[in-house]
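Here's the structure we're looking at; comments come further down.
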Amino acid sequence: MIDKELSRQIYREFMNGRVINELVYQKDGSMQPDARYEELFNNYDSDYRELYENIGYELVLKDGFAFSRSLDEDDSYSDVAMRIQSLLMIIARGIQELGYDFELLTTHDAGVGDHLLEQVETDEKRDILLACGLKKSLIDEVKNVLETRNIAYRNAKGKLVLTAAGRGFFAEVFGD
């Protein structure tokens with residue numbers, strides 16, 4: 001049985017282009033289950049999959065995160081997906097060029113600080129951002145694209161960490 005309040009929250013998240021992650025970072029540094037993900041997971045086959053199909057969306061439930069996409073559009077390479085891919089590529093390549101492991105981006109008590117993101121933003125990477133329609137600084141675009149959509153979050157230290165969705169997106173796009 002669908003929980004109406006959680007269902008409304010889920011719908012708002014999806015219509016605002018956000019993903020819902022299984023775990024959500026808390027200010028105390030812990031990772032807690034998200035009731036909205038649990039609601040989707042527990043009622044996916046019985047209710048939500050068909051509900052979203054009936055309104056023209058595919059509900060995608062992956063290991064650790066969920067999102068919706070339109071059935072009417074081929075958004076496999078939408079502007080948003082391209083921006084996410086570009087930012088992930090720039091950040092991952094940049095931190096590795098600076099001598100750091102990719103795991104820095106995926107460990108909730110580590111993360112990548114703004115000082116590293118500033119070092120990553122070389123002229124070459126700025127050109128890539130501009131070619132992808134990302135006109136603001138790398139830090140601003142990370143906030144606008146990755147953090148707003150729940151692809152990444154800031155931990156208690158203020159450092160950037162990829163969510164399950166961010167890790168999943170990275171793995172799918174880059175085969176990692």
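The values are calculated or read from the model by the stated rules, or taken from the named source; none is laboratory data. The shown structure was predicted, so the numbers you read here are calculated from the model rather than taken from an experiment. Note that each Cβ is placed from the backbone with ideal geometry, even for glycine, and that neighbours are counted across all protein chains shown.
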**Study point:** Residue list for the stretch 160-175, filter: assigned to a loop (DSSP other than H, G, I, E, B) and either in contact with a helix residue (DSSP H, G or I) (Cβ under 6 Å, 6 or more places away or on another chain) or small (Gly, Ala, Ser) (or both)
**Key:** Gly175
Check your understanding: So Glu121 clears everything in (1) at pLDDT below 90; (2) touching a Gly at 6+ places or on another chain (Cβ under 8 Å) except one condition, right? Which one?
Key -> (1)
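Quick grid of which residues meet (1) not in a helix (DSSP H, G or I); (2) not acidic (Asp, Glu):
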residue: Lys125; (1), (2): no, yes
residue: Glu141; (1), (2): no, no
residue: Asn144; (1), (2): no, yes
residue: Gly158; (1), (2): yes, yes
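Quick grid of which residues meet (1) closer than 13 Å to Asn150 by Cβ; (2) not in a loop (DSSP other than H, G, I, E, B):
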| position | (1), (2) |
| --- | --- |
| Glu5 | no, yes |
| Tyr11 | no, yes |
| Asp28 | no, no |
| Tyr37 | yes, yes |
| Tyr44 | no, yes |
| Leu51 | no, yes |
| Leu59 | no, yes |
Review point. Would a scan of the stretch 83-96 turn up a residue that is of a type in the set (D, E, K, R), under 21 Å from Phe169 (Cβ atoms), in the same structural domain as Leu134 (by TED's automatic domain parsing) and out of contact with any Pro (no Cβ under 6 Å at 6 or more places or on another chain)?
Key: yes
Check your understanding: Would the stretch 126-145 turn up any residue that is free of Cβ contacts under 8 Å to residues at least 24 places away in the same chain and acidic (Asp, Glu)?
Key -> yes
Check your understanding: Taking the stretch 101-120 on its own, how many of its residues are free of Cβ contacts under 8 Å to residues at least 24 places away in the same chain, over 14 Å from Leu162 (Cβ atoms) and either charged (D, E, K, R) or in contact with a strand residue (DSSP E or B) (Cβ under 8 Å, 6 or more places away or on another chain) (or both)?
Key -> 1
Exercise for review: Report yes if some residue within the stretch 86-107 is within 13 Å of the chain's Cα centre (by Cα), surrounded by 14 or more Cβ atoms within 10 Å (Cβ to Cβ), assigned to a loop (DSSP other than H, G, I, E, B) and modelled with pLDDT under 95; otherwise report no.
Suggested key: yes
Exercise for review: Considering each of Glu121, Glu141 in turn, give the residue that is more than 17 Å from the chain's Cα centre (by Cα), of a type in the set (D, E, K, R) and surrounded by 16 or more Cβ atoms within 10 Å (Cβ to Cβ).
Suggested key: Glu121
Point to revise | Check on Thr107, among the hydroxyl-bearing types (Ser, Thr, Tyr) and out of contact with any helix residue (DSSP H, G or I) (no Cβ under 9 Å at 6 or more places or on another chain) | key: yes
Exercise for review: Can you tell me which residue within the stretch 9-30, out of those that are touching a Phe, Trp or Tyr at 6+ places or on another chain (Cβ under 6 Å) and not β-branched (Val, Ile, Thr), is surrounded by the most Cβ atoms within 10 Å (Cβ to Cβ)?
Suggested key: Asn21
Exercise for review: Quick one: in the stretch 71-85, of everything that is touching a Phe, Trp or Tyr at 6+ places or on another chain (Cβ under 8 Å) and assigned to a helix (DSSP H, G or I), which residue is modelled with the lowest pLDDT?
Suggested key: Gln85
Check your understanding: Going by the conditions given, is Leu61 surrounded by 11 or more Cβ atoms within 10 Å (Cβ to Cβ), without any contact (Cβ under 8 Å) to a residue 24 or more places away in the chain and either assigned by TED's automatic domain parsing to the domain that holds Ala164 or not small (Gly, Ala, Ser) (or both)?
Key -> yes
